[in-house]
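Remarks on the structure that follows.
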């Protein structure tokens, strides 16, 4: 009987966290489910007989742990999946009753130049936010079948064994899951890039954006936006479609004379979901330090921002290795 050590389990932590994140849509829940996976694996270590690889055995345990966790829980979403676009002049209170999708820090992913199964599992467009949001539309078992089959490349028979289904049932679930994704993802699959580091053009666009925000120049920001841009900011349920609506929303929150003024900004580039991203801190008049505001994940096409999802959740900042405050002298 093969032996199993804690060190052997630990070697798979990073890729299992990504796997659980795809199924759950939550970085924080994914970390909890990796711990649950290791607990189940350690408890069942005497049943691991080496007929499959340790990696496949752990993926099977992790998948079923996630399915147990998802049972009866609402799917994680983004604001534009709940309602139509909002009027910039009408504010809404944050919604804490909705389980929101979360971003994933790039430093927790396999490096793009790594080889082997772990890098293959995360080195694809299937870690981008748009794919993750569409994936959460699927019933949990369809979601698991699609991830195991289409992302990890498992044979249908292995997927069936992991999920306790017949091969025909797996193929039926995959057919329905793929149809749902086709309706939710870009019409042209070529719109999807392989997940790589941001290009020089994207970095330049991000630099121009950071500079415009630091200066509080709403018009300069608007010039970087695509005409049909979509912006969201969970846990606020409203979202905006179109350059002019976004410009109006920014103008109302960046004006010190208005009630909705969010304060001065400090911004730094970060990596999230293998997409260009920015972390921001704000300081209102009279406050001694800049506090975490949002982690914004960007979509770029043809030299313009086509989407911005700003996750207003200070609890995410430690996962990205970001400080809880920045003093004015350090900005």
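The values are calculated or read from the model by the stated rules, or taken from the named source; none is laboratory data. Every value quoted in this text rests on a predicted model; they were computed, and no experiment measured them. Here the Cβ is made from the backbone with ideal geometry for all residues, glycine too, and neighbour counts use every protein chain on show.
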- How many residues are over 22 Å from the mean Cα position of the chain (by Cα) and surrounded by fewer than 14 Cβ atoms within 10 Å (Cβ to Cβ) if we restrict to region 146-166? 4
- Please enumerate the residues belonging to region 7-64 that are within 25 Å of the chain's Cα centre (by Cα) and assigned to a loop (DSSP other than H, G, I, E, B). 11, 12, 25, 26
- Message: With the structure loaded, tell me whether residue 245 is surrounded by fewer than 16 Cβ atoms within 10 Å (Cβ to Cβ) and in a helix (DSSP H, G or I) or whether it fails that test.
- Response: no
- Keeping to region 228-242, report how many residues are assigned to a strand (DSSP E or B), surrounded by fewer than 19 Cβ atoms within 10 Å (Cβ to Cβ) and in contact with a strand residue (DSSP E or B) (Cβ under 8 Å, 6 or more places away or on another chain). 2
- Message: Tell me whether region 229-250 contains one or more residues that are more than 21 Å from residue 79 (Cα to Cα) and either more than 24 Å from the chain's Cα centre (by Cα) or in the same structural domain as residue 325 (by TED's automatic domain parsing) (or both).
- Response: no
- For residues that are touching a residue at least 24 places away in the same chain (Cβ under 8 Å) and farther than 22 Å from residue 314 by Cα, tally how many sit in region 23-41. 7
- Looking at region 208-223, is at least one residue in a loop (DSSP other than H, G, I, E, B) and buried (at least 17 other Cβ atoms within 10 Å of the Cβ)? no
- How many residues are touching a residue at least 24 places away in the same chain (Cβ under 8 Å), more than 20 Å from residue 247 (Cα to Cα) and surrounded by fewer than 20 Cβ atoms within 10 Å (Cβ to Cβ) when one looks only at region 274-301? 5
- Message: With the requirement that a residue be farther than 17 Å from residue 252 by Cβ and modelled with pLDDT under 95, what does region 213-227 give you?
- Response: 214, 215
- Odd one out for residue 239 among (1) out of contact with any helix residue (DSSP H, G or I) (no Cβ under 6 Å at 6 or more places or on another chain); (2) under 29 Å from residue 99 (Cβ atoms): (1)
- Within region 308-331, which residues are modelled with pLDDT under 95 and either within 16 Å of residue 210 (Cα to Cα) or crowded, with 20+ Cβ neighbours inside 10 Å (or both)? 331
